[in-house]
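Here the structure is laid out as C-alpha cells; the discussion comes afterwards.
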Amino acid sequence: MIHRFVSRLIIIGMMWLGFGLLKWGGEKNQLLWQTIMFTAIVLLGSLLEEVLNYQGDPYVLPVVQAIMALGLVFLVRISPESALRQFWWANIGHLIFYSVLWVMRDYRRLSRFRYLWGLLAVALLLITLVFGFAAGGATSWLRIAGVGVEPEEFVKLALLLFMATYLEQNEELLRVGTVQWGKFSLPDWRTLGPFLVMAAFSLGLLGAQKSLGTALVFYALFVFMIYIVTERALYLMISAPIFLVVGSAGYLLFRHVRVRVLVWLNPWQDPTGMGYQIAQSLFAISGGKILGTGLGNGIGAATVPAASTDFIFSVIAEELGFAGAMAVLVLFLIVVMRAFSISLKAKDRFGQILAAGIGILLGTETLIILAGVTKLLPLTGIPLPWVSYGGSSLLVHFILLGVLLNISNATAVGSQRSKARGREYAT
C-alpha cells in the first residue's frame, strides 16, 4: 500500500511543480480547483485499489497517470482554456476507469456480443458520415447537446472487441486454412468473410469521411492482430500490396491527402503556407536540443498550429529537450510492453487477444502520431493518447485501460485461487 500511494504522490508532486513554474492566466482559480480534484481522485484511487485488493499489474496505471500529468501541464502551458476542459475529462475518465475495473466482474462476457460490436462500429461511422461535420479536412465529428464528440474514437473500442471475439472463435481455421491457393492455404469465405466485410465497411466509411489517419490506425490493427494470433507471415505479405493500392487511391481521390504527401516530401517548398505546420514543428523540436529550453520558455506553444492537439509532442520536445522527449517515449513503451505482458499471462484466449490488441492499438497510435510530427510520415491528425487535448480520445483510452487492468487483475486472482486449491489438495 505504501509503495502504491508514494508513487502517486511523486506523480502528483511533479505535476504541481510543473504548474508552479507556469503562468496560469485568467482561469487560475478554476484550474486550481480542477487540479485539487484530480489530485484527490488519483490519491483516493490508490487507496481504493488497496481496499478492494487490486492484484493486477502495478505499473500501467501509474505510468499512464504520469503521462497524463505531463499532458495537463503542457496544456496549461499552451491553452489554459483547453486545459480546464481537459481536467474535466480527465477526472471523469478516472471515474469511468475505476467503474470498468471494478464493476465489470468478468471481462469474458464481452465476447458474447461479437456481431453487436461490429454493427455498433459500422453504425457509429455511418451516423458520423451522414450527420457529422468536418474539422481539419475530415468529417469525423458529431455535436451532441452542444458538445463536439468524435465517434471514431468509440469505434476503436467496438472494433477491438469485435476483432478479439472473431479471432478467438476462428483462430485455428485462420492459422491452418481450408482452401488451397497454389502453395498457400487460406481460410474459406465463411471463415474470412466477416473479417473482410468489417474491414471493408469500416475503412471504406472512414475513407468517405476523409479520416485517413484513423483509417491507417484501423488497418494496422486489423493486420497486426490477425498476424499476432495466427503467426502467419502470409497475412503481412497480402496486406502490403493492399495498403499500397488503397493508399495510392486515396492520394488520387483526395486533395488534402496529396497536399499532406507533398508537404511531407518537401515542406520547405512553401514554409509559410502549406508547409508552415510541419516546418514550425521541426523548428520547435530542433530548438530543444538535449535538455530543452525549460518549461514555459519555448516559442513552439505560440508558433506551432494545433499545438494542444496534433503537435503537443513538438512543444514537449522543445521545452524538455531530447531527454524529455525520450522519457515520454519510454513511458509509452512501458505501457505497450506491459500490455503484451498481461496478454501473455492471461488464462483464456479471449483475454490474451484483447490485451494484445490494446497494446497494438496504443503502440500504433503513438508511433503514427510521433512519426507525423517529426516528418517520418505524412501528418495524420490523430491525438496522442492521454496527452493531446480531446475528451472523446481520453474517455475511450481510459475504458481500454480499465479493460486491460481488469484482465490483469482477473489473471492474478485466478492464479492465487489455483495455488490455494493446490495447497488444499496437498494437505
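None of 404, 354 is surrounded by 24 or more Cβ atoms within 10 Å (Cβ to Cβ), assigned to a helix (DSSP H, G or I) and over 13 Å from the mean Cα position of the chain (by Cα) except 354. Filtering the range 295-308 to residues that are free of Cβ contacts under 8 Å to residues at least 40 places away in the same chain and more than 25 Å from the chain's Cα centre (by Cα) leaves 297, 298, 299, 302, 303. Within the range 11-30, being open to solvent by less than 70 Å² (accessible area, probe 1.4 Å), assigned to a helix (DSSP H, G or I) and under 14 Å from residue 71 (Cα atoms) holds for 11, 12, 15, 18, 19.
Restricting the first member to the range 186-215 and to residues that are under 16 Å from residue 158 (Cα atoms), and the second to residues that are polar (S, T, N, Q) and surrounded by 18 or more Cβ atoms within 10 Å (Cβ to Cβ), the beta-carbon pairs closer than 6 Å and six or more apart or on different chains are 206/214. Residue by residue through the range 33-86, note down the ones that are small (Gly, Ala, Ser) and at positive phi. Residues satisfying the conditions do not exist here.
Residue pairs, Cβ under 8 Å, 6 or more apart or interchain, first in the range 6-20 and closer than 16 Å to residue 42 by Cα and without any contact (Cβ under 8 Å) to a residue 24 or more places away in the chain, second surrounded by fewer than 18 Cβ atoms within 10 Å (Cβ to Cβ) and of a type in the set (Lys, Arg). List them. Pairs that qualify, where the first residue is closer than 16 Å to residue 42 by Cα and without any contact (Cβ under 8 Å) to a residue 24 or more places away in the chain and the partner is surrounded by fewer than 18 Cβ atoms within 10 Å (Cβ to Cβ) and of a type in the set (Lys, Arg): there are none.
Just need a number here: residues in the range 309-324 that are under 18 Å from the mean Cα position of the chain (by Cα) and surrounded by fewer than 24 Cβ atoms within 10 Å (Cβ to Cβ). Of the residues in the range 309-324, 1 are under 18 Å from the mean Cα position of the chain (by Cα) and surrounded by fewer than 24 Cβ atoms within 10 Å (Cβ to Cβ). When residue 309 is tested against (1) modelled with pLDDT of 85 or more; (2) part of a helix (DSSP H, G or I); (3) closer than 20 Å to residue 374 by Cβ, just one condition goes unmet, and that condition is (2). Residues in the range 48-76 that are of a type outside the set (Phe, Trp, Tyr), outside any helix (DSSP H, G or I) and either more than 19 Å from the chain's Cα centre (by Cα) or more than 15 Å from residue 406 (Cβ to Cβ) (or both): 52, 53, 55, 56, 58. Against the numbered list (1) touching a residue at least 24 places away in the same chain (Cβ under 8 Å); (2) of a type outside the set (Asp, Glu); (3) surrounded by fewer than 15 Cβ atoms within 10 Å (Cβ to Cβ), residue 33 comes up short only at (1).
When every residue of the range 114-121 is checked against the conditions, none turns out to be under 30 Å from residue 260 (Cα atoms), aliphatic (A, V, I, L, M) and touching a strand residue (DSSP E or B) at 6+ places or on another chain (Cβ under 6 Å). Mind listing whichever residues of the range 357-391 are over 16 Å from the mean Cα position of the chain (by Cα) and assigned to a loop (DSSP other than H, G, I, E, B)? Matches in the range 357-391: 374, 375, 376, 377, 378, 379. Here residue 81 does not fit the description of being among the charged types (D, E, K, R), assigned to a helix (DSSP H, G or I), farther than 19 Å from residue 307 by Cβ and open to solvent by 60 Å² or more (accessible area, probe 1.4 Å).
If the condition is being over 15 Å from residue 69 (Cα atoms), in contact with a Leu (Cβ under 9 Å, 6 or more places away or on another chain) and either small (Gly, Ala, Ser) or in a loop (DSSP other than H, G, I, E, B) (or both), then the range 312-324 contributes 314, 321, 323.
The values are calculated or read from the model by the stated rules, or taken from the named source; none is laboratory data. What you are looking at is a predicted structure, and each value in this text was computed from that prediction instead of being measured. Cβ: placed from backbone, ideal geometry, glycine included. Neighbour counts: every protein chain shown. SASA here: full protein model, heavy atoms, side chains in, ligands and nucleic acids out. Shrake-Rupley method; radii C 1.70, N 1.55, O 1.52, S 1.80 Å.
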